[in-house]
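The values are calculated or read from the model by the stated rules, or taken from the named source; none is laboratory data. This one's a predicted model, so the numbers in the text were calculated from it and none came from an experiment. Neighbour counts run over all protein chains shown; Cβ positions are idealised from the backbone, glycine included.
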Amino acid sequence: MTVSANLSDLLKFEPSARDREWEYAFLHAFPQAKLKILSETPSQGPDGWPYLLVQIDETATESAQKVLSWLSDKGIGLVVNPKKDAPDYVFTYGMIWNYRERSEFLSQSGLDRERVSVQKIELAGGQKVFAGPPSDSYLPTYARHILKAFFRDNGIGTMKVLVMRDDSGAVASVSDPAPPERYDLCFSLEALGTPPATEHKGILEALSWFLPAHYSLMVISENGLPAFTPL
């Protein structure tokens with residue numbers, strides 16, 4: 001299968017034959033597709049998140065590029081051909097804004113689709129970290145607005161964040177060619193109301209829908225770390 005495979009041919013593949021190579025070819029071809037919007041009102045998916053439902057057929061006229069741009073400003077995901085037994089593809093919001101910023105839906109380690117890892121971090125005495133506020137290229141303004149709205153809806157008026165990595169590199173807030181997957185996006189445990197550790201995985205799973213699949217996310221206490229900044 002080639003990266004330039006025709007989208008209509010890819011959609012003929014049986015679900016059991018749709019491996020990573022198929023997914024890569026589909027994601028490469030999708031931005032050039034024409035879409036038919038099934039409803040102007042987003043629908044709630046089984047995961048609880050909002051999705052625009054679209055269909056790909058001979059009557060489709062909407063540019064996928066235009067639809068993706070609109071979704072990136074609205075905090076909405078995308079479901080392709082939902083009328084089948086299983087949709088042909090489901091795009092999270094994080095995949096959509098990753099495409100807007102990097103011209104790809106899944107970047108590097110995001111292809112592994114391991115979206116959430118819960119980590120407990122203990123800094124040994126004298127251990128150094130490089131940390132700072134997320135840059136606009138790492139977390140663009142429109143995506144921040146969507147995240148802020150999510151936190152407000154859940155009773156958190158001000159979320160505080162920090163981008164951090166160990167002493168092998170530099171902070172993401174400066175001009176730095178290092179890729180985003182080398183950073184941890186840290187959410188303040190205190191800003192969340194100090195939930196117990198048993199809830200951290202669920203929180204991170206929720207947040208992962210809003211963020212590119214290759215981003216490493218953590219819930220962590222501000223104690224002993226550089227200053228967190230409002231989202």
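Computed quantities for the displayed model
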read-out	value
Residues of the range 180-231 satisfying the condition of being among the aromatic types (F, W, Y), in contact with a strand residue (DSSP E or B) (Cβ under 7 Å, 6 or more places away or on another chain) and assigned to a loop (DSSP other than H, G, I, E, B)	Y183, Y215, F228
Matching residues, the range 127-153, being modelled with pLDDT of 95 or more and among the polar types (S, T, N, Q)	T141
Residue, modelled with the highest pLDDT, within the range 33-71, restricted to residues that are farther than 27 Å from L207 by Cα and loosely packed, with under 10 Cβ neighbours inside 10 Å	T61
Contacts under 6 angstrom Cβ, first residue in the range 29-51 being within 13 Å of F91 (Cα to Cα) and assigned by TED's automatic domain parsing to the domain that holds I146, partner of a type outside the set (A, V, I, L, M) and part of a loop (DSSP other than H, G, I, E, B), 6 or more apart	none
Filter result for the condition that a residue is farther than 30 Å from K148 by Cβ, modelled with pLDDT of 95 or more and part of a helix (DSSP H, G or I), over F26, F30	F26
